[in-house]
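Chemist: Questions regarding the structure given below will be posed in turn.
The values are calculated or read from the model by the stated rules, or taken from the named source; none is laboratory data. These numbers come from a predicted model, not from an experiment. Ideal geometry is used to build each Cβ from the backbone, glycine not excepted, and the neighbour counts take in all protein chains shown. Note: areas computed on protein heavy atoms with side chains; ligands, DNA, RNA excluded. Shrake-Rupley method; radii C 1.70, N 1.55, O 1.52, S 1.80 Å.
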Amino acid sequence: MQYLLLLTYRPEDNTQPGPELDAEMERWSELTDEMRQAGVWVAAAGLTSDSATTVRAPSGDTVITDGPYAETKEVLFSFIVIDVEDLDAAIAWAEKTPAVTYGSVEIRPMDRLTLK
Amino acid sequence: MSALERAYRDERAAVLATITRRLDGDLALAEDAVQDAFVAAAVEWDRRGVPDRPGAWLTTTAWRKALDRLRHARIAEARAADLAQPVSYDADFDFERSSLDDDQLRMIFTCCHPALAPEARMALTLRSVAGLTVAEIARAFLSSDSAMERRLTRARRKVTEAAIPFRVPPDDLLPERLAGVLRVVYLIYTEGHGSVRGDLCEEAIRLARLLARLMPDEAEVAGLLALLLVTEGRRPARVDDAGALVALEEQDRGRWDRAAIADGVAMLERALRLRRPGPYAIQAAIAALHSQAATWEATDWPQIAGLYAELARLDPSPVVTINRAVAVAFAAGAAHGLAILDDLGADPRLESYLPLHAARAELLRRAGDAAGADVAYAAAIALAHSDAERAALERRRDRV
């Protein structure tokens, strides 16, 4: 079963560069290694936060707007795709990400990821 | 009651649990297949008579229906590669009675999974474990049949699509997940209790009994069952002839169901033997002390105050502190209780918390501060949610 982990944070309490941010980056790097060693890691990427573009065509005509599709305080900053047994296993990996302490991790079951 | 109705009541939950396990937790498909089996039974049993073992017949039939649905789904997908592969389940179904308890327990944990919305957990548990009909659940939650059916369908689809596991959680997750299950049963009880509808209370007690049978070594399961039984024993005196709620203090203790209370006390003793008591066992002990007192005044207040202090340590909440304050007031004097409430009242979030105002009013009156009590009663009455609640508060205020 593949799950997409959508990681969010709140820009207003962004960690400034310094020892705290270094420690968090260290934890991210360790977690990625742990996922790869456990054989659950499929794909991951960071996302730019303020250069999003949204496309809609409610009446057939395309409307392009600046910004993410919803105005929320939490900003999507990264995703990880994992391949695990069930939702409990996905929750256990989500709990290990630093994002749960300052933002959120949304878990979406997904069809099997195809890469070119 | 017809054989089919009896099978629906007695066998449905077990058949559903077994089929769900065989389908690796696909609750949505299992529910459809079991429904198909009951439709088939309505026709077949009428024509050929009731089978010797209705449960086995229903399980086998539901299993065939599930396989049919899987085959059709594959054809609908119209993917040649899939069609080439046979359905990977055995068509023959060995109906093993011995694994039924395990399947029921798995079903309970699946229905109460924290990834489901709290209302969906209650509805799904009542449907898939307790075996209530959609109409019965809709009535209990004051919802329409179609809205309840949608809620259940959505919940089942999430179980299937998100792969919520059909299992008893492993040891590292068990304490947290079991607490979640007990919470669902407790909320089903309070849903019935709060609205003075007995049907949900009885279902909650049936569920707690089932859990106590399936998990005999879990102290908090016994603790919850004890709490529900003792509380249920007091239910006959909880509403007066005019339909108004009667506070524990004013209840006619002669109307209490002594047999239910004795059952609850016996279950509490079992919980206390298992290990250090948890929050439900402590609440059961408090309820038992109330039930054993001949009058409100003769209640063992010092021990109740001590139990509330322990409960506040394990599971702190404003309502626990308020109850502790009332117990302390009776054990040591109103001023001591009021001091605890004043500490609590310093929290601005509790400004519109009815139980706090009601308790303050009561203790101020006992302390002889009639004017202060009137102000506090007015604040409580303004916050009442229902006519019954308002009437009960007004009656207490007007009492001499």
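Chemist: Which condition number in (1) closer than 30 Å to A:Ala94 by Cβ; (2) among the basic types (Lys, Arg); (3) away from chain A (no Cβ under 14 Å) is the one that B:Arg106 fails?
Modeler: (3)
Chemist: Return only the number of the condition from (1) closer than 17 Å to B:His193 by Cα; (2) modelled with pLDDT under 95 that B:Val230 does not satisfy.
Modeler: Tallying (1) closer than 17 Å to B:His193 by Cα; (2) modelled with pLDDT under 95, B:Val230 fails exactly one: (2).
Chemist: Among the strands (runs of 3 or more DSSP E) lying completely within region A:1-74, list those that include at least 3 residues that are among the β-branched types (Val, Ile, Thr). Let's see the steps before the verdict.
Modeler: Details: elements: A:2-9, A:41-46, A:53-56, A:63-66.
Filter on region A:1-74 gives A:53-56, A:63-66.
Chemist: Counting only residues that are away from chain B (no Cβ under 14 Å) and either over 22 Å from A:Thr15 (Cα atoms) or open to solvent by less than 60 Å² (accessible area, probe 1.4 Å) (or both), how many does region A:80-101 have? Spell out the reasoning first.
Modeler: Of region A:80-101, the ones away from chain B (no Cβ under 14 Å) are A:80-81, A:97-101.
From what's left, either over 22 Å from A:Thr15 (Cα atoms) or open to solvent by less than 60 Å² (accessible area, probe 1.4 Å) (or both): A:80-81, A:97-99.
Going through region A:80-101 one residue at a time, the tally reaches 5.
Chemist: Could we say that A:Ile64 is more than 15 Å from the chain's Cα centre (by Cα) and away from every other protein chain (no Cβ under 12 Å) here? Working first, answer last.
Modeler: Details: more than 15 Å from the chain's Cα centre (by Cα): yes; away from every other protein chain (no Cβ under 12 Å): yes.
Yes, satisfied.
Chemist: Whether any residue in region B:149-162 is part of a loop (DSSP other than H, G, I, E, B), modelled with pLDDT under 95, in the same structural domain as B:Ile188 (by TED's automatic domain parsing) and in contact with a Leu (Cβ under 6 Å, 6 or more places away or on another chain) is what I want to check.
Modeler: Within region B:149-162, the first condition is being part of a loop (DSSP other than H, G, I, E, B), and the residues that meet it are B:162.
Still in the running and modelled with pLDDT under 95: B:162.
Cutting the leftovers down to in the same structural domain as B:Ile188 (by TED's automatic domain parsing) gives us B:162.
With the extra rule that they be in contact with a Leu (Cβ under 6 Å, 6 or more places away or on another chain), the set shrinks to B:162.
Yes; the residues of region B:149-162 include at least one that is part of a loop (DSSP other than H, G, I, E, B), modelled with pLDDT under 95, in the same structural domain as B:Ile188 (by TED's automatic domain parsing) and in contact with a Leu (Cβ under 6 Å, 6 or more places away or on another chain).
Chemist: Mind checking which residues of region B:361-395 are assigned to a helix (DSSP H, G or I) and within 30 Å of the chain's Cα centre (by Cα)?
Modeler: If we filter region B:361-395 for residues that are assigned to a helix (DSSP H, G or I), which is where we start, we get B:361-366, B:370-382, B:387-395.
Matches in region B:361-395: B:Ala380, B:Ile381, B:Ala382, B:Asp387, B:Ala388, B:Glu389, B:Arg390, B:Ala391, B:Ala392, B:Leu393.
Chemist: Does B:Pro302 count as at pLDDT 95 or above and either open to solvent by 70 Å² or more (accessible area, probe 1.4 Å) or in contact with a Leu (Cβ under 6 Å, 6 or more places away or on another chain) (or both)? Can you show your working first?
Modeler: Working: at pLDDT 95 or above: yes; either open to solvent by 70 Å² or more (accessible area, probe 1.4 Å) or in contact with a Leu (Cβ under 6 Å, 6 or more places away or on another chain) (or both): yes.
Here the answer is yes, as B:Pro302 does meet what is asked.
Chemist: Which residue is least open to solvent (accessible area, probe 1.4 Å), if the candidates are limited to region A:102-116 and must be in contact (Cβ under 8 Å) with a residue 40 or more places away in the chain and farther than 22 Å from B:Arg157 by Cα?
Modeler: A:Gly103
Chemist: So, of the residues in region B:212-254 that are part of a loop (DSSP other than H, G, I, E, B) and free of Cβ contacts under 8 Å to residues at least 24 places away in the same chain, which turns out to be surrounded by the fewest Cβ atoms within 10 Å (Cβ to Cβ)? Break it down stepwise before answering.
Modeler: Of all residues in region B:212-254, those part of a loop (DSSP other than H, G, I, E, B) come to B:215-218, B:234, B:238, B:240-244, B:246-247, B:251-252.
Pick out the ones that are also free of Cβ contacts under 8 Å to residues at least 24 places away in the same chain and you get B:216, B:240-242, B:251-252.
On the way: B:Pro216: 11, B:Asp240: 15, B:Asp241: 5, B:Ala242: 7, B:Gln251: 18, B:Asp252: 10.
The qualifying residue surrounded by the fewest Cβ atoms within 10 Å (Cβ to Cβ) is B:Asp241.
Chemist: Please verify whether B:Leu132 is of a type in the set (A, V, I, L, M, F, W, C), part of a loop (DSSP other than H, G, I, E, B) and surrounded by fewer than 24 Cβ atoms within 10 Å (Cβ to Cβ), treating the condition exactly as stated.
Modeler: On the way: of a type in the set (A, V, I, L, M, F, W, C): yes; part of a loop (DSSP other than H, G, I, E, B): yes; surrounded by fewer than 24 Cβ atoms within 10 Å (Cβ to Cβ): yes.
In short, yes.
Chemist: Considering each of B:Val159, B:Val181, B:Val185, B:Val168 in turn, give the residue that is within 14 Å of another protein chain (Cβ to nearest Cβ), open to solvent by less than 20 Å² (accessible area, probe 1.4 Å), touching a helix residue (DSSP H, G or I) at 6+ places or on another chain (Cβ under 7 Å) and β-branched (Val, Ile, Thr).
Modeler: Numbers: B:Val181 fails: within 14 Å of another protein chain (Cβ to nearest Cβ); B:Val185 fails: within 14 Å of another protein chain (Cβ to nearest Cβ); B:Val168 fails: open to solvent by less than 20 Å² (accessible area, probe 1.4 Å).
Residue meeting the stated conditions: B:Val159.
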